[in-house]
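Visitor: Okay, handing you the structure first.
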Amino acid sequence: MTDPTQIADRLRERMAAGVLSFPLTPFTARGEFDPDSFRTYLRGQLAADPAAVFVACGTGEFFSLTLDEYGEVVRIAVEETTHRVPVVAGVGYGWAIAAQYAARAAEAGADGLLLMPHYLVKAPVDGLVEQVRRVAESTPLPIIAYQRDYVAFDAASVALLAKIPNVIGLKDGHGDLDQLQRLRLTAPADFLFFNGVATAEMQARAYASIGIPAYSSAVHAFAPEISKAFFTALQAGEQSRADELLRGFYQPFVELRDRRAGYAVSLVKAAARLRDLPVGPVRAPLCDPTLEELTTLEALLATGLALV
């Protein structure tokens, strides 16, 4: 199914009922992609019934995957989900390279694409729009644009994005709620928005207050029990329960995450290994946590699981 409207409707319906899973990509000790471990790990993610699966994105170390590895990651995800949930695949770099990844994703049966920030250079906003347009023209798949770091759209550019037939939404990684409110009010009512900041639960209530309740959950990649408990509390309006999880688990996790660059992925993968999930190490340029940090992480994980 590649009809943008149908996929957008399906994503909207599912995002109202659960979090978005961003699975890790398993590597061997030698740094090679491990397809069998990926299948095993992904089955655990799917057992928690996420709203959708976003493979080979930031948490999945898209930037470290070859084109062939990427195609296999997406293919396995499509096979394992059997269309029970939407599969969205990350693409990125310049538009010409992104188009090659988009073609592999379509060939593998993905339902949509998450267009991540391009490589290296800052660009004017009209260039950012043109980047999205070029990728969109290269593929029949629906696209969600991802703004973070040096990619930031304004209200006028989001209005232009919404006119591109297969661009269906925007993932926000900036956390500027005033600006995001302007984008949301400018875009069509059916344009998808979701919270994509690192450890999105920390800002989930703030996003929901401006009409953007959906969010991605990196915690789901290693502890779907904690992720689902927080989502359930948020949906039920159980503020004290949400605060308990934020205070006892999420806030100290963020403080640990902020110690070193790249830990938004490295800590998530380390936490998955602590739970005996077959994900292996991160690939350079990312670094795995130190032994001291792993000890802290293990204790924090135990606290979070005890809370749920």
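The values are calculated or read from the model by the stated rules, or taken from the named source; none is laboratory data. All figures in this text were calculated on a predicted structure; none of them were measured in a lab. Ideal geometry is used to build each Cβ from the backbone, glycine not excepted, and the neighbour counts take in all protein chains shown.
Yes or no, residue by residue, for (1) buried (at least 23 other Cβ atoms within 10 Å of the Cβ); (2) in contact (Cβ under 8 Å) with a residue 12 or more places away in the chain; (3) within 16 Å of Val167 (Cβ to Cβ):
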position: Ala105; (1), (2), (3): yes, yes, yes
position: His118; (1), (2), (3): no, yes, yes
position: Pro124; (1), (2), (3): no, no, no
position: Ala136; (1), (2), (3): yes, yes, yes
position: Pro142; (1), (2), (3): yes, yes, yes
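Visitor: Within the group Thr40, Thr25, Thr59, which residue is in contact (Cβ under 8 Å) with a residue 40 or more places away in the chain and assigned to a helix (DSSP H, G or I)?
Guide: Thr40
Visitor: What are the pairs, 6+ residues apart or on separate chains, where a residue within region 202-218 that is on the phi < 0 side of the Ramachandran plot has its Cβ under 6 Å from a residue that is of a type in the set (Val, Ile, Thr) and crowded, with 24+ Cβ neighbours inside 10 Å?
Guide: Between residues of region 202-218 that are on the phi < 0 side of the Ramachandran plot and residues that are of a type in the set (Val, Ile, Thr) and crowded, with 24+ Cβ neighbours inside 10 Å, the close pairs are Ser217/Val19; Ala218/Thr59; Ala218/Val268.
Visitor: Can I ask one more? Condition first: over 20 Å from the mean Cα position of the chain (by Cα) and not charged (D, E, K, R). Can you find one or more residues in region 268-278 that meet it? Can you show your working first?
Guide: Initial filter on region 268-278 (over 20 Å from the mean Cα position of the chain (by Cα)): 274-276.
From what is left, the residues that are not charged (D, E, K, R) are 274.
Within region 268-278 (the criterion being over 20 Å from the mean Cα position of the chain (by Cα) and not charged (D, E, K, R)), the answer is yes, since at least one residue qualifies.
Visitor: Can you find a residue that is at negative phi, modelled with pLDDT of 95 or more and either basic (Lys, Arg) or assigned to a helix (DSSP H, G or I) (or both) anywhere in region 284-291?
Guide: Within region 284-291, one or more residues are at negative phi, modelled with pLDDT of 95 or more and either basic (Lys, Arg) or assigned to a helix (DSSP H, G or I) (or both).
Visitor: Just to be sure I understand, how many residues within region 196-254 are aromatic (Phe, Trp, Tyr) and more than 17 Å from Ala306 (Cβ to Cβ)? Write out each step before concluding.
Guide: Restricting attention to region 196-254, the residues satisfying the condition of being aromatic (Phe, Trp, Tyr) are 207, 215, 222, 230-231, 249-250, 253.
Those still in the list that are more than 17 Å from Ala306 (Cβ to Cβ) too: 207, 215, 231.
Residues meeting the conditions: 3.
Visitor: So Gly112 fits all but one of (1) within 30 Å of Ala223 (Cα to Cα); (2) out of contact with any helix residue (DSSP H, G or I) (no Cβ under 8 Å at 6 or more places or on another chain); (3) crowded, with 17+ Cβ neighbours inside 10 Å; what number is the exception?
Guide: Only one criterion in (1) within 30 Å of Ala223 (Cα to Cα); (2) out of contact with any helix residue (DSSP H, G or I) (no Cβ under 8 Å at 6 or more places or on another chain); (3) crowded, with 17+ Cβ neighbours inside 10 Å is unmet by Gly112, namely (2).
Visitor: If a residue has to be hydroxyl-bearing (Ser, Thr, Tyr) and either in contact (Cβ under 8 Å) with a residue 24 or more places away in the chain or assigned to a loop (DSSP other than H, G, I, E, B) (or both) to count, how many in region 232-252 make the cut? Spell out the reasoning first.
Guide: Here is the first cut: in region 232-252, the ones hydroxyl-bearing (Ser, Thr, Tyr) are 232, 240, 250.
This time we only want the ones that are either in contact (Cβ under 8 Å) with a residue 24 or more places away in the chain or assigned to a loop (DSSP other than H, G, I, E, B) (or both), so: 250.
Final tally of qualifying residues: 1.
Visitor: So, one more: Hey, Ala223 hits all of (1) among the small types (Gly, Ala, Ser); (2) farther than 20 Å from Arg12 by Cβ; (3) more than 20 Å from the chain's Cα centre (by Cα) but one; which does it fall short on?
Guide: It fails just one condition, (3).
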